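Presented below is the structure to which this report refers.
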Amino acid sequence: MFDVIICGAGPAGSSLAYFLAKNNINVLLLDKFRFPRYKPCAGAFPVEMETFFDFPLKKVIEKTYSSMLFRKGEREFRLQLGFPLAYLVNRKHFDNLLIEKAIEKGCIFKDGTEVLKIKGERIITNSEEFRGTIIVGAGGGSSIVRRDGKRFKKIGMWLKTISADIPYQGFKDIIFDFSYTKSGYAWIFPKRDELSVGLGAPPCHLRDAGITFEKLLVDYAIPLPETIHRFTYPTFSSRELLTWKNTLLIGDAASLSDPSTGGGIYNAIRSAYLASKAIQLHLRKGIPLSYYQRLVNKYLFPKLTLSECLRRTFYSFPFTIQALRIGKPLLLKMTRPNPLKI
């Protein structure tokens with residue numbers, strides 16, 4: 001019998017496993033894939049995220065940036081900051097580091113283990129059955145924990161992406177280009193030995209994804225990749241219930257990706273941190289698990305709700321680069337480091 005069983009070993013699940021295991025909570029972490037595994041992802045997150053961990057992320061950080069370049073057509077706008085803004089990582093290495101650290105603290109990790117059914121405290125997988133006092137859904141939009149929550153509403157907004165990682169050194173800037181799709185953008189993120197390039201938008205605005213992606217590559221004179229990845233994941237659209245009975249949801253399973261940027265790593269780990277606090281209080285002091293909902297309501301939902309309002313306003317404005325210039329003070333405020341402390 002485990003104190004906590006976490007279904008999904010991405011950044012949300014693996015960081016929660018680490019936070020709990022280092023506090024002597026008996027944790028089982030499950031994932032249907034074998035690790036280390038490739039994960040389609042631009043791999044960017046704010047530098048403040050390293051404050052959640054008491055071990056260095058340096059060995060998996062490929063680049064650090066303090067500026068961003070925004071484009072639409074012939075217009076462009078550079079946001080130059082007086083402090084480091086973002087780290088870029090390869091998700092294969094980043095996710096594996098989090099898992100390794102969780103295991104070092106005592107977490108039991110079983111990869112290649114697919115959760116097939118959940119019955120109260122029982123987790124039935126493709127290989128064996130486990131029991132846990134608390135069950136955590138951290139398996140993204142397709143999380144079986146989310147699907148089995150009968151009181152749970154359907155995901156409100158999805159983001160469709162097409163991307164590739166290309167061995168190429170022709171760029172120095174992080175680029176966001178709004179020329180290729182409505183209600184979305186193209187990205188070009190230079191990393192240590194490769195270029196992450198892709199497109200992301202709601203599915204209805206990215207129907208001809210392959211053709212549009214090829215045009216992006218041609219316009220920027222980027223070599224055609226050997227492999228292209230297509231991936232759809234949920235983003236925040238409105239506040240919702242994230243805990244019931246002995247169960248809670250974190251990360252993409254809770255639809256916590258930022259609706260204006262599409263970034264999910266940061267809020268995945270923020271939600272894991274909040275969940276770790278609620279779980280410890282529940283196991284040790286009997287405080288209801290619903291305390292996690294109160295923490296998310298206070299620390300995550302307000303900024304996500306603002307981001308959704310900004311997304312709707314931004315994409316309804318006819319001159320997006322002008323909108324960015326006008327909104328520069330707000331951009332600076334939103335991007336300034338603001339570590340989460342409870």
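The values are calculated or read from the model by the stated rules, or taken from the named source; none is laboratory data. For clarity, every value in this text was computed on a predicted model and none was experimentally measured. Using ideal geometry, Cβ is built from the backbone for each residue, glycine included, and neighbour counts are taken over all protein chains shown.
Name the residues in the stretch 57-113 that are assigned to a loop (DSSP other than H, G, I, E, B) and of a type in the set (Asp, Glu), would you?
So in the stretch 57-113, the residues assigned to a loop (DSSP other than H, G, I, E, B) come out as 57, 66, 73-74, 81-85, 90, 105-107, 111-113.
Residues satisfying the conditions are Glu74, Asp111.
If you go through the stretch 263-275 one residue at a time, do you hit one that is in contact with a Ser or Thr (Cβ under 6 Å, 6 or more places away or on another chain) and at pLDDT below 95?
The initial filter retains those residues of the stretch 263-275 that are in contact with a Ser or Thr (Cβ under 6 Å, 6 or more places away or on another chain), namely 264, 269, 272.
Checking the rest, the ones that are also at pLDDT below 95 come to none.
Within the stretch 263-275 (the criterion being in contact with a Ser or Thr (Cβ under 6 Å, 6 or more places away or on another chain) and at pLDDT below 95), the answer is no, since none of the residues qualifies.
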- Is there a residue in the stretch 234-241 that is touching a residue at least 12 places away in the same chain (Cβ under 8 Å), of a type in the set (A, V, I, L, M, F, W, C) and surrounded by fewer than 21 Cβ atoms within 10 Å (Cβ to Cβ)? yes
- Item | Residue that is surrounded by the most Cβ atoms within 10 Å (Cβ to Cβ), among those in the stretch 61-91 that are under 22 Å from the mean Cα position of the chain (by Cα) and aromatic (Phe, Trp, Tyr) | Tyr87
- Message: Which condition from (1) out of contact with any Gly (no Cβ under 9 Å at 6 or more places or on another chain); (2) surrounded by fewer than 19 Cβ atoms within 10 Å (Cβ to Cβ); (3) at pLDDT 95 or above is the one that Arg122 breaks?
- Response: (1)
- Note on the structure: Here the qualifying pairs (Cβ atoms under 8 Å; residues six or more apart or on different chains; first in the stretch 196-217 and more than 12 Å from Phe231 (Cα to Cα) and part of a helix (DSSP H, G or I); second basic (Lys, Arg) and modelled with pLDDT under 95) come out as His205/Lys182
- Residues satisfying the stated conditions in the stretch 23-45, i.e. assigned to a loop (DSSP other than H, G, I, E, B), over 23 Å from Lys63 (Cα atoms), in contact with a strand residue (DSSP E or B) (Cβ under 7 Å, 6 or more places away or on another chain) and not β-branched (Val, Ile, Thr): Asn26
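In the stretch 270-286, which residue that is without any contact (Cβ under 8 Å) to a residue 40 or more places away in the chain and assigned to a helix (DSSP H, G or I) is nearest to Tyr18 (Cα to Cα)? Don't jump to the end; show me each part of the working.
So in the stretch 270-286, the residues without any contact (Cβ under 8 Å) to a residue 40 or more places away in the chain come out as 278, 281, 284-286.
Adding the requirement that they be assigned to a helix (DSSP H, G or I) leaves 278, 281, 284-285.
Working: Ala278: 15, Leu281: 16, Arg284: 18, Lys285: 21 Å.
Among residues in the stretch 270-286 that are without any contact (Cβ under 8 Å) to a residue 40 or more places away in the chain and assigned to a helix (DSSP H, G or I), the one nearest to Tyr18 (Cα to Cα) is Ala278.
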- Message: Being modelled with pLDDT of 95 or more, in contact with a Lys or Arg (Cβ under 8 Å, 6 or more places away or on another chain) and surrounded by 14 or more Cβ atoms within 10 Å (Cβ to Cβ) is true for just one of Glu114, Glu129. Which residue is that?
- Response: Glu114
- Task: Determine whether the stretch 187-199 contains at least one residue that is at pLDDT below 95, within 16 Å of the chain's Cα centre (by Cα) and not hydroxyl-bearing (Ser, Thr, Tyr).
- Result: no
- Message: Of the conditions (1) in a strand (DSSP E or B); (2) surrounded by fewer than 21 Cβ atoms within 10 Å (Cβ to Cβ); (3) in contact (Cβ under 8 Å) with a residue 24 or more places away in the chain, Lys182 satisfies every one except a single condition; which number is it?
- Response: (1)
- Message: If Ser142 meets every condition in (1) more than 19 Å from the chain's Cα centre (by Cα); (2) within 28 Å of Lys303 (Cβ to Cβ) apart from one, which number is that one?
- Response: (1)
- Item | Among the residues listed as Ala102, Ala138, the single one being under 30 Å from Leu195 (Cβ atoms) and crowded, with 16+ Cβ neighbours inside 10 Å | Ala138
- Any residue in the stretch 10-17 that is of a type outside the set (Gly, Ala, Ser) and under 27 Å from Trp187 (Cα atoms)? yes
- Message: Given the condition within 21 Å of Lys245 (Cβ to Cβ), touching a Cys at 6+ places or on another chain (Cβ under 9 Å) and assigned to a loop (DSSP other than H, G, I, E, B), answer yes or no: does some residue in the stretch 119-136 qualify?
- Response: no
- Selection count, the stretch 68-93, where residues are more than 18 Å from Gly262 (Cα to Cα) and among the small types (Gly, Ala, Ser): 2
